[in-house]
Amino acid sequence: PKRSISYDKGIEAIKNGDDNDYPERVERLIDHSITAKQCRKLFRQYLTGKGFEGINKIKVNDDGTSLLAFVSRFNQEYATHGGVFVHVMHNTAGEPVSFSVIPYHKIRKGKKDSKEYSGKYAKLDDWTDGNKKDVVWFNAFSSDPEIVQKNIANAGSIEKYKGQIYFFNPSNVDYPLAHIHPVMNDTDSEFRAGVFKNKSLRKGFFGKNILVTPPRIDPQLTSVDPKNLSDEERLNLKHQEEEAETVTDTLKSFVGVENSEGFMSLEMEMDGDDIDKAIKHIKIDTDIDDKLFQYTEDSTSNNIRKAYNNVPTILVDSSDHSIFGNSGEAILQAKRFYHEQTQEERMLIEQGLKKLFRNFKPLKDQVLTIKPLIDGIDNAQ
């Protein structure tokens, strides 16, 4: 895994990755790894908890999105990328009135000033193949109503005002590294192991059958030029070819259409007239090393779980042995452990949300403390 950050004069924005496609790579890797998807989901659930006591249904934008739904979406982006971009709209008084999470891969930071501050953010649906003229620019987030009003005035009117971008970024770099960054190779390996097994089952020697029989057409009739055959020989050859085709079709129907690709019929000269010696059936067993794949899958899964704050195996392995073979107390302890492992980031998210909603009237006097996902656990633990 490699990720570089540099300013690109051509797009007038700071690239995220050598090819400016780091967020897209992260999303693809997670989407193709069952362990990474499970861990991200669990991570997001523990970050969101049960939301905020008594205020989960408060609407945070014109689309009717509730606070709980917004925070869940917020944490989905954080669990994927380690950072979140939020689009904030205001009224003429400079007060925030609408909040929407923007897909992380669509936003890039603008050029920095002498104080290392980016006052602009650029939005483009596809940074790897998009047109620079389609880039939409936004002001950086500010909770100061006077600054917001200046942004609106610079836009010309409230109708032309595009809003601001709030960037939740707990790291000390321009773009945070994704949680799976140290295990990107393991995530990819999990996907490719599945692809290899699938191709081996579909196209390899696994479950193949070979039927060896004597020639169905007299070799003496096929070894000479048809022009040199008599009428009787040509008629005999035609009958043998039709019969051979019928036998081939019968064999295919016998094994089934779906299995016909795994069936091969060979013809060769045999010694003797004994049918057991004249006809042979060869079945080729699997060439897949189950032990090798088991080790690969176990090791990659274990590494991915570590990357997501040490997810306990018992919480993501849904096999009967791992889940239903354990006591309820063991599962509860695993949940408590993971609650503690995610506590610091949950507190950082609370602080970020408090900053974001500071001047939002419906939430201005509310306590934004995330309620733990597990009943009976003190949030401070």
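Data for the structure
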read-out: At 1.306 mPa s and 10 °C, Stokes diffusion of segment 37-130 via Kirkwood alpha-carbon radius, µm² per second; value: 105 µm²/s
read-out: Backbone HN-Hα couplings from phi across segment 74-91 [Karplus 6.51/-1.76/1.60, Hz, Gly and Pro as x]; value: 4, 6, 5, 5, 5, 5, 8, 10, x, x, 9, 10, 10, 8, 10, 10, 10, 9
read-out: Per-residue ³J(HN,Hα) for segment 331-346, Karplus 6.51 cos²θ - 1.76 cosθ + 1.60, θ = phi - 60°, Hz, x for Gly and Pro; value: 5, 4, 5, 5, 5, 5, 4, 6, 4, 5, 5, 9, 4, 4, 5, 5
read-out: Shape category assigned to segment 22-180 from the gyration tensor of Cα positions, a/c cut at 1.5; value: oblate
read-out: Largest to smallest accessible area among Lys208, Lys280, Lys371 [probe 1.4 Å]; value: Lys280, Lys371, Lys208
read-out: Cut-off under 5 Å, modelled amide H: who pairs with His90 long-range; value: Val97
read-out: Those chymotrypsin sites (Phe, Trp or Tyr not before Pro) in segment 47-140 that DSSP places in a loop and that have at most 14 other beta carbons within 10 Å; value: Tyr117
read-out: In segment 5-66, the trypsin sites (Lys or Arg not before Pro) that fall in loop regions by DSSP, at most 15 other Cβ within 10 Å; value: Lys9, Lys50, Lys57
read-out: Inter-label distance for Tyr117 and Asp249, nm, one decimal - labels placed 7 Å from Cα along Cα-to-Cβ; value: 8.2 nm
read-out: HN-Hα J in Hz across segment 98-110 - Karplus 6.51, -1.76, 1.60, θ = phi - 60°, x for Gly and Pro; value: 8, 10, 9, 6, 9, x, 4, 5, 8, 10, 10, 7, x
read-out: Built amide H within the under 5 Å cut-off of Ile102, gap 5+; value: Phe85, Val86, His87
read-out: Label-point separation in nm, Ser66 to Asn185, each point 7 Å along Cα→Cβ; value: 4.5 nm
read-out: Difference of contour (0.36 nm per residue) and Cα-Cα distance, Glu242 to Gln366; value: 36.1 nm
read-out: Full-stretch length increase - Ile284, Thr222 - with 0.36 nm per residue and alpha-carbon distance subtracted; value: 19.2 nm
read-out: Two-site FRET efficiency, Val136 against Asn310, from Cβ-Cβ distance with R₀ of 45 Å, rounded to 0.05; value: 0.70
read-out: 31 Å Cα-Cα threshold exceeded, pairs from Lys37/Lys283; Lys41/Lys111; Lys109/Lys335; Lys123/Lys355; Lys109/Lys150; Lys50/Lys160; value: Lys37/Lys283; Lys41/Lys111; Lys109/Lys335; Lys50/Lys160
read-out: Exposure of His32 as accessible area (Å², to 10), given a probe of 1.4 Å and all protein chains; value: 100 Å²
read-out: Pairwise label distance in nanometres, Asp129 with Leu235, each label 7 Å out on the Cα-Cβ vector; value: 6.4 nm
read-out: Net length gained if the chain between Ser265 and Asn154 were fully extended (0.36 nm per residue, minus Cα distance); value: 32.1 nm
read-out: Segment 1-70: C-alpha gyration tensor shape, a/c 1.5 cut-off, then a/b vs b/c; value: oblate
read-out: Histogram of C-alpha separations across segment 127-185, 5 Å bin width, %; value: 4, 14, 15, 16, 16, 15, 11, 5, 3, 1
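The values are calculated or read from the model by the stated rules, or taken from the named source; none is laboratory data. Keep in mind the model is a prediction, meaning the values are calculated, not measured. All Cβ positions, glycine included, derive from the backbone under ideal geometry; neighbour counts span all protein chains shown. Areas reflect the complete protein model, heavy atoms only, side chains present, ligands, DNA and RNA absent. Shrake-Rupley method; radii C 1.70, N 1.55, O 1.52, S 1.80 Å.
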